[in-house]
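Below: one structure, written as C-alpha cells.
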Amino acid sequence: MSAPDRRGLLDRADEKLSVRRQCALLGVARSGVYRPKKPANDNDLALMRRIDEMYTSWPFLGSRRLARMLKEEGETINRKWTPLSSSTKSSGRESLANHLGLPRTNTFM
C-alpha cells in the first residue's frame, strides 16, 4: 500500500488513538499528515514535460548537461532541481550512464 493510501486511513478525529500513534502504526511520517503537498504550477509542469522530452532523446545526459541545455533555451533553473530530482525521478528513471558503468569523470587521460 502506498504512503498516500496509508495517509488516507488516518483518522484525526479518533479519540482513542492519537495522530502520533496512528502514524507510527501506519508507517507514515507525521510531517506528511500535517503539511499538505504544494500543487505544481503550470510553469513547473511545462518545464517537467520539456525535461522529460530531453531525457527521452538523450538518456545518457546528466543533470549538469541538461541544466546547461535548458539555460541555452532561456530557462533559469537550478541544476539540483533539473533531471533526476523532478520528473525523471518521479517516473522512476535514472541516467543511462549509471547502468553502463561509465566513470563519473574522465580519469583515464
Residues that are under 18 Å from the mean Cα position of the chain (by Cα) and under 30 Å from residue 13 (Cα atoms), drawn from the range 30-78:
31, 32, 35, 36, 37, 38, 39, 40
Picked from the range 68-79 (must be of a type in the set (A, V, I, L, M, F, W, C) and at pLDDT 85 or above), the residue surrounded by the fewest Cβ atoms within 10 Å (Cβ to Cβ) is 69
Hey, does the range 80-100 have a residue that's at pLDDT 65 or above and part of a loop (DSSP other than H, G, I, E, B)?
yes
Filter the range 1-54 for residues that are small (Gly, Ala, Ser) and outside any helix (DSSP H, G or I) and give the result.
2, 13, 18, 27, 29, 40
If I filter the range 33-47 for residues that are without any contact (Cβ under 8 Å) to a residue 24 or more places away in the chain, of a type in the set (S, T, N, Q) and within 28 Å of residue 78 (Cα to Cα), do I get at least one hit?
yes
Tell me which residues, restricted to the range 21-33, are touching a helix residue (DSSP H, G or I) at 6+ places or on another chain (Cβ under 8 Å) and surrounded by fewer than 16 Cβ atoms within 10 Å (Cβ to Cβ).
27, 29, 30, 32
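The values are calculated or read from the model by the stated rules, or taken from the named source; none is laboratory data. Model, not experiment: these values are computed from the prediction. Note that each Cβ is placed from the backbone with ideal geometry, even for glycine, and that neighbours are counted across all protein chains shown.
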